[in-house]
1. If we keep just the residues of the stretch 229-258 that are among the hydroxyl-bearing types (Ser, Thr, Tyr) and surrounded by 14 or more Cβ atoms within 10 Å (Cβ to Cβ), which is nearest to SER276 (Cα to Cα)?
2. In the stretch 225-279, which strands (runs of 3 or more DSSP E) lie fully inside it and hold 3 or more residues that are within 19 Å of ASP178 (Cβ to Cβ)?
3. Output the residues belonging to the stretch 103-117 that are open to solvent by 30 Å² or more (accessible area, probe 1.4 Å) and touching a strand residue (DSSP E or B) at 6+ places or on another chain (Cβ under 6 Å).
4. Go through the stretch 163-199 residue by residue and tally those that are buried (at least 17 other Cβ atoms within 10 Å of the Cβ) and not in a strand (DSSP E or B).
5. As an exercise: evaluate GLY31 against (1) modelled with pLDDT of 90 or more; (2) crowded, with 16+ Cβ neighbours inside 10 Å and give the number of the one condition it does not meet.
6. Output the number of residues of the stretch 177-216 satisfying the condition of being closer than 30 Å to ARG165 by Cβ and touching a residue at least 24 places away in the same chain (Cβ under 8 Å).
7. Residues being within 29 Å of the chain's Cα centre (by Cα), open to solvent by less than 70 Å² (accessible area, probe 1.4 Å) and either under 24 Å from LEU253 (Cα atoms) or among the small types (Gly, Ala, Ser) (or both): count how many of those fall in the stretch 203-228.
8. I'd like to know if the stretch 156-163 contains one or more residues that are free of Cβ contacts under 8 Å to residues at least 12 places away in the same chain and either over 29 Å from PRO214 (Cα atoms) or within 18 Å of the chain's Cα centre (by Cα) (or both).
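The values are calculated or read from the model by the stated rules, or taken from the named source; none is laboratory data. The structure displayed is predicted, hence computed values, not measured ones. Note that we place each Cβ from the backbone using ideal geometry, even for glycine, and neighbour counts take in every protein chain shown. Heads up: the accessible areas ignore ligands, DNA and RNA and are worked out on the full protein's heavy atoms, side chains in. Shrake-Rupley method; radii C 1.70, N 1.55, O 1.52, S 1.80 Å.
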Amino acid sequence: MSKVFLLVTLLGVLVRSSYAQCSDAGVCSIGHAASSPNHRLSLDYAFGSSGKPDDLRFHSVGLGLSLRVFEGSTLTVTLPYNGQSGPMGAASGIGDITLLIVHNVSDDGGITVQVGGKIATADANAKNLPQAYQSGLGTNDLLFGVGYTFNSWTFAAGYQFSPGRSNNKIDRLKRGDDLLLRAGYGIPLEKANLSAEVLAIKRLARSSVLKQPPSTPEQFVDIPGSDQLQVNLIGRITYPVAETYELHGLVALPTIQRKVNVDGLKRAISLSVALSFFL
């Protein structure tokens, strides 16, 4: 057990001087989820920092529940509690709920389809701060994906459709849709499982925000460079502690880093640990 915590700590040290981020808009949930024969309850913690010049810090505690709803299908519900702080202040609260159904198309479970959504349950105007400080993105989005597993390899493609605009009074942010591609390879060890992934996310349109100073009627302007590409190298570790629960760790090192951070998704430090319980 102590060796696993040491490994996760070392991964965290390695990422401190690098940029690690995923699209917390929700599309990263596509691909690594898999239909499971067991019900599962998970609790995770993540810490992050945007780095300069934004200098935002993030803490998140998430509660997840995966249920075998019928033969070959699993429903996963995730509810986070998030806290954000930076030079302009701090805000915290319930984040956006993510729902995802994973269905095995093939008899061997090698091909899956994934459908879900991200529900805007968070307050988008906490402490009257900009969108980057909020616990959620303020939009109701749809998630679509397909996955393929072959021996130790996994491949997936996903799409996040974001039709709305946040009601944040400062930004009124409208994000572009996200396209995701990921490929991974699993490495079973004697007492743990390691996996390495390459994950690419392309925002398909520029984000837009409320023109300042505000006018009537409202006017919006596109943000140059916000239709950005990010490519991450991701490492995961899973350690079965007992028959009924297991420990997870994750670290990501991007080869292409995000520059525009109006949505608050950029990370200069990113590290997460989780416990999963089989029910």
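1. First pass over the stretch 229-258, keeping only residues among the hydroxyl-bearing types (Ser, Thr, Tyr): 238-239, 244-245, 255.
Retained after the next criterion (residues that are surrounded by 14 or more Cβ atoms within 10 Å (Cβ to Cβ)): 238-239, 245.
Details: THR238: 10, TYR239: 10, TYR245: 5 Å.
It comes out as TYR245.
2. 229-240, 245-256
3. Scanning the stretch 103-117 gives HIS103, ASN104, VAL105, ILE111, VAL113, VAL115.
4. Number satisfying all stated conditions: 11.
5. So the condition that GLY31 fails would be (1).
6. Of the residues in that region, 18 qualify.
7. Count: 8.
8. No, the stretch 156-163 has no match at all.
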